[in-house]
Amino acid sequence: MTEMVRKVTLSRAVRMMQNLFPEEYNFYPRSWILPEEFQLFVTQIQMVKDDNPSWKPTFIVKPDGGCQGDGIYLIKDPSDIRLTGTLQTRPAVVQEYICKPLLIDKLKFDIRLYVLLKSLDPLEIYIAKDGLSRFCTEPYQEPSSQNLHRVFMHLTNYSLNIHSSNFIHSDNASTGSKRTFSSILCKLSSKGVDIKKVWSDIIS
C-alpha cells in the first residue's frame, strides 16, 4: 500500500483509470514519468505548441519519493528539466501546472483529507468529516519566468512556508496559514459555492 503514496506509482494507476474511465478521471493533470518518458514529453509538448503557438504552459516537476516540497520546481519548457544528477537515480513526475487555481484571500491553498482504507475486496473506505488546508504565504500570481522560483507563492507545503516571514500562526481555525477544511467550506459557502455538492463530489 505504501507504493501508492509514491508519485510515479500513483501516476501510473491514475493513467490506467483514465484509460478505462476518462470522464470520471479527468481531474488529474497530464503527467509524464521521468526519465523514461522524457522524449515523449518533449514530443507531445512540441506538437501542441506547433498547433497553438500562443500556448504558454507551465509544468511542475516532483521527485517520486519526495516529501515536504523537497526537490519540487516549476518550468516553462521541457529543456528546463534537470536531467543530470538525482533524476537518473531518483525518478520524477512532471505535470501540467494548474495556472488558475481557486484562491482564498489571494493565496493558493491545498486540502488534506484523512481517509481510512479498511478493505479492498469488498471495498470499504471511511473519510473524516474535517481535514486540513495549508496556505501559501505570498499572494498568487500566474507563473512567469520572474516568479517560478518563488516557493512561498506556488507551493503550499507547511515545511516550506513555515520559514516565510508572512507565515501566520493562529489558534483560530478559520485564519492563519493552516486552517480546518470546515472553515474553508464556510468561506466557499459565503461566496455562493454549493458545499453539499462539494462533499458529494469528494465522496463519489
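Observations, loosely collected:
- Within the range 138-182, tally of residues that are touching a helix residue (DSSP H, G or I) at 6+ places or on another chain (Cβ under 7 Å) and loosely packed, with under 12 Cβ neighbours inside 10 Å: 0
- Any hit, the range 175-193, residues being closer than 22 Å to Tyr28 by Cα and not hydrophobic (A, V, I, L, M, F, W, C): no
- Residue match in the range 90-97 (condition: among the basic types (Lys, Arg), closer than 24 Å to His154 by Cα and in contact (Cβ under 8 Å) with a residue 40 or more places away in the chain): no
- Residue match in the range 2-20 (condition: under 21 Å from the mean Cα position of the chain (by Cα), surrounded by fewer than 11 Cβ atoms within 10 Å (Cβ to Cβ) and among the aliphatic types (A, V, I, L, M)): yes
- Candidate set: the range 140-159, residues that are over 13 Å from Tyr73 (Cα atoms) and not in a loop (DSSP other than H, G, I, E, B); chosen: the one nearest to the chain's Cα centre (by Cα): Tyr158
- Of the numbered criteria (1) in contact (Cβ under 8 Å) with a residue 40 or more places away in the chain; (2) surrounded by fewer than 17 Cβ atoms within 10 Å (Cβ to Cβ), the one Phe135 fails is (2).
- Count of residues meeting criterion [in a helix (DSSP H, G or I) and either outside the structural domain of Ile111 (by TED's automatic domain parsing) or touching a residue at least 40 places away in the same chain (Cβ under 8 Å) (or both)] in the range 167-186: 4
- Yes/no for Leu34 being farther than 23 Å from Pro101 by Cα and modelled with pLDDT of 95 or more: no
- Selection within the range 38-52 - under 18 Å from Pro91 (Cβ atoms) and loosely packed, with under 15 Cβ neighbours inside 10 Å: Gln39, Leu40
- Criterion: outside the structural domain of Cys67 (by TED's automatic domain parsing), farther than 26 Å from Thr9 by Cβ and part of a helix (DSSP H, G or I) - qualifying residue of Ser189, Ser164: Ser189
The values are calculated or read from the model by the stated rules, or taken from the named source; none is laboratory data. If you're wondering where the values come from, they're calculated on a predicted model, not measured in any experiment. Glycine also receives a Cβ, built like all others from the backbone with ideal geometry; neighbour counts cover every protein chain displayed.
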